[in-house]
Amino acid sequence: MIVRIDPETSLIDTDRRTEYRAMEAAYHAGLPAPEPLFLEEDASWIGRPFSVTSEVTGGQAAAGGIPPEHREAIGHRKWELLGKIAALDPATLGLGEVMAATTPATCALEQLDYWAKVIETDELHPNPVAHAAIRRLRRNPPPPAQKLSLVHGDYRTGNFLYSPDGEIKAILDWEMAHIGDPLEDLAWSLDPLWCWGEPTRAGLLLPHAEAVRAWEVSSGLTVDPEAFAWWQVFAALKGIGIWISSSEDFHSGASKAPILAIAGWLMTDRQQRILTDYLSPHSAHRFVRVVK
C-alpha cells in the first residue's frame with residue numbers, strides 16, 4: 001500500500017480529500033490510477049490527514065528513462081488517456097460535492113485570478129514578465145469552455161508510471177485536480193518546460209500536432225487555436241506561480257529542501273523565457289504555438 005500524508009508545507013493549496021476523490025473517480029471510470037482504499041481526514045491519528053491506495057508495481061516515472069523505442073507508443077497513450085479524462089462528466093462522478101463550482105464562461109478567469117494571487121502573494125522580487133502575461137490574459141479572455149471536465153491539474157511526463165514494455169500503468173499526482181476547461185490540461189501537458197532542449201517533441205514523446213490529434217480523437221472535442229493560445233500562455237504563467245511559491249517556501253524557512261531553491265531559480269527562468277517567446281512580437285518563436 002501507499003500512504004499519502006498532507007505535507008507540513010506545500011507549494012500549492014491542496015488537500016488529501018480532493019486528490020483522493022479525483023483519483024477515485026478516475027479509477028472507477030476505468031482509467032489507470034492507483035486503487036483508492038481509504039481516506040482519513042481526522043488528524044488525530046498520525047498528526048495530519050492521509051489517504052491510502054494500492055501500490056502499482058513494475059513502473060517508473062522518470063521522463064529521461066523512457067526507452068526510445070517506446071516513446072511514440074507511450075506518447076499516443078498519454079494523450080489518449082488525457083482525452084478520456086476530458087470526456088468524463090464531473091457531475092456524474094459526484095465531483096461537484098468536493099470541488100468548487102464553476103461555469104464554462106467563468107472557469108478560465110477564475111483560474112487566472114487564483115494564480116495571479118499566488119504570484120502577487122509569494123513573489124520575493126518584481127516579475128514583470130509574469131505580470132505582463134496576467135494583463136494580456138485578462139484583456140483577451142478565451143471563449144467559454146466547450147464543456148466542463150475533470151482537470152487533472154499536473155498532467156505531464158513524469159506524473160505517470162510506465163513499464164519497461166511501454167505501458168502506462170498509473171496516472172499519479174492528482175492533488176491539483178479541479179473542475180474546469182479541458183484545454184487547461186492539454187496546454188499544461190504541452191508546455192515547453194516538459195520538453196526543454198527538444199521543443200518540437202511534446203513531453204519528449206511526440207510532435208505536438210500528433211499529441212493534439214490523439215487527444216481530440218479520445219476526448220471527442222476539438223482544439224480551437226485561439227482558445228488554446230490563451231491556455232498555453234496561462235500554463236506558462238501557472239508554472240511561474242508554482243516556482244515562485246517554491247522560492248518563497250525555501251526563503252521563509254517553511255522548508256529547507258534544496259530542490260525548492262533550485263526549482264525556484266531554474267524553472268522560473270525557463271518559464272519566463274517561454275512567456276517572453278509567446279508574448280513578444282520580436283520573438284524568434286522557438287516554442288510551438290500553432291497546433292493545427
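The values are calculated or read from the model by the stated rules, or taken from the named source; none is laboratory data. All values reported here derive from a predicted model rather than from experimental measurement. Counting neighbours? That spans all protein chains shown, and the Cβs are built from the backbone with ideal geometry, glycine included. Side chains included, ligands, DNA and RNA excluded: accessible areas come from the protein's heavy atoms. Shrake-Rupley method; radii C 1.70, N 1.55, O 1.52, S 1.80 Å.
Scanning the range 225-235 turns up one or more residues that are within 11 Å of the chain's Cα centre (by Cα) and at pLDDT 95 or above.
Going through (1) under 18 Å from the mean Cα position of the chain (by Cα); (2) open to solvent by 10 Å² or more (accessible area, probe 1.4 Å); (3) closer than 23 Å to ASP269 by Cβ one by one, GLU198 falls short only on (1).
When every residue of the range 198-217 is checked against the conditions, at least one turns out to be closer than 19 Å to ASN159 by Cα, outside any helix (DSSP H, G or I), of a type in the set (A, V, I, L, M, F, W, C) and touching a His at 6+ places or on another chain (Cβ under 8 Å). Candidates are the residues of the range 157-188 that are surrounded by fewer than 22 Cβ atoms within 10 Å (Cβ to Cβ) and within 10 Å of the chain's Cα centre (by Cα); the one that is farthest from ALA61 (Cα to Cα) is MET176.
Taking the range 48-69 as the range and being closer than 10 Å to TYR162 by Cα and either within 18 Å of the chain's Cα centre (by Cα) or assigned to a helix (DSSP H, G or I) (or both) as the test, the residues that pass are ALA61, ALA62, ALA63, GLY65.
When the test is whether a residue is at pLDDT 95 or above, hydroxyl-bearing (Ser, Thr, Tyr) and within 21 Å of the chain's Cα centre (by Cα), THR106 passes it. Taking the range 48-63 as the range and being free of Cβ contacts under 8 Å to residues at least 60 places away in the same chain and either open to solvent by 50 Å² or more (accessible area, probe 1.4 Å) or aromatic (Phe, Trp, Tyr) (or both) as the test, the residues that pass are ARG48, PHE50, GLU55, THR57.
This table checks each residue for (1) within 21 Å of LEU109 (Cβ to Cβ); (2) in contact with a Leu (Cβ under 7 Å, 6 or more places away or on another chain); (3) open to solvent by 10 Å² or more (accessible area, probe 1.4 Å).
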{"site": "LEU190", "(1), (2), (3)": "no, no, no"}
{"site": "TRP215", "(1), (2), (3)": "no, yes, no"}
{"site": "PRO225", "(1), (2), (3)": "yes, no, yes"}
{"site": "ALA236", "(1), (2), (3)": "yes, yes, no"}
{"site": "ILE242", "(1), (2), (3)": "yes, yes, yes"}
{"site": "PRO258", "(1), (2), (3)": "no, no, yes"}
{"site": "THR276", "(1), (2), (3)": "no, no, yes"}
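Here the condition is being surrounded by fewer than 15 Cβ atoms within 10 Å (Cβ to Cβ) and polar (S, T, N, Q); of THR121, THR102, it holds for THR121 alone. Determine whether GLY197 is touching a helix residue (DSSP H, G or I) at 6+ places or on another chain (Cβ under 6 Å) and either of a type outside the set (Phe, Trp, Tyr) or free of Cβ contacts under 8 Å to residues at least 60 places away in the same chain (or both). Against the criterion (touching a helix residue (DSSP H, G or I) at 6+ places or on another chain (Cβ under 6 Å) and either of a type outside the set (Phe, Trp, Tyr) or free of Cβ contacts under 8 Å to residues at least 60 places away in the same chain (or both)), GLY197 does not qualify. Pairs are defined by a Cβ separation below 6 Å, a sequence spacing of at least 6 or placement on different chains, a first member in the range 65-83 that is among the aromatic types (Phe, Trp, Tyr), and a second member that is in a helix (DSSP H, G or I); the pairs so defined are TRP79/ALA211; TRP79/ALA214; TRP79/TRP215.
Does at least one position in the range 74-92 carry a residue that is of a type in the set (Lys, Arg), part of a helix (DSSP H, G or I) and open to solvent by less than 40 Å² (accessible area, probe 1.4 Å)? For the range 74-92, residues of a type in the set (Lys, Arg), part of a helix (DSSP H, G or I) and open to solvent by less than 40 Å² (accessible area, probe 1.4 Å): present. Within the range 256-280, residues that are in a loop (DSSP other than H, G, I, E, B) sit with their Cβ atoms under 7 Å from residues that are modelled with pLDDT under 95 and hydrophobic (A, V, I, L, M, F, W, C), at 6+ positions apart or across chains, in these pairs: LYS256/PHE250.
Within the range 29-56, the set of residues being among the hydroxyl-bearing types (Ser, Thr, Tyr) and modelled with pLDDT of 95 or more comprises THR53, SER54. Screening GLU97 against (1) open to solvent by 10 Å² or more (accessible area, probe 1.4 Å); (2) within 21 Å of the chain's Cα centre (by Cα); (3) farther than 22 Å from ALA202 by Cα leaves a single unmet condition, (2).
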